[in-house]
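S.K.: Here it is, the structure, as structure tokens.
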Amino acid sequence: MPIVRPLNTDQDFQEAVDRKYKIRIFKDNHLVDSGTIVIRFTSDTIVTQSGVSSLGYHKREECEFFEVRK
């Protein structure tokens, strides 16, 4: 059964970057991205990558981020 943990703090996001955890991103209660990894983050934006040239920029205050581990 997978472990789903919310990512809220800078420490949570840094751990996701370091360990390359796959995450799910929700906006307005809709899944907008799944199976992507965090490559960078600031206080405003989370940058994700799901493929070689597939980058996503998500506003931190508009989205919810969850780590998914098996």
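S.K.: As an exercise, identify the GluC sites (Glu not before Pro) in the chain lying in DSSP coil whose Cβ has no more than 11 other Cβ atoms within 10 Å. Mind showing how you got there, number by number?
M.R.: Values: sites: GLU15, GLU61, GLU62, GLU64, GLU67; in loops: GLU61, GLU62.
Listed in order of number, the matching sites are GLU61, GLU62.
S.K.: Plugging the Kirkwood radius over Cα pairs into Stokes-Einstein for the chain, at a temperature of 20 °C and a viscosity of 1.002 mPa s, what D comes out in µm²/s?
M.R.: On the way: Rh = 11.9 Å.
The estimated diffusion coefficient comes to 180 µm²/s.
S.K.: Can you give the calculated 222 nm mean residue ellipticity of the chain, where each DSSP H run of n ≥ 4 adds -39,500 (n - 2.57) and the sum is split over every residue, rounded to the nearest 500 deg cm²/dmol?
M.R.: Value at 222 nm, helices only: -4000 deg cm²/dmol.
A short reminder: the numbers here are calculations on the coordinates, not readings from a lab. What you see is a predicted model; the values in this text were computed from it and never measured. With ideal geometry, Cβ positions are generated from the backbone for all residues, glycine too; neighbour counts draw on all protein chains shown.
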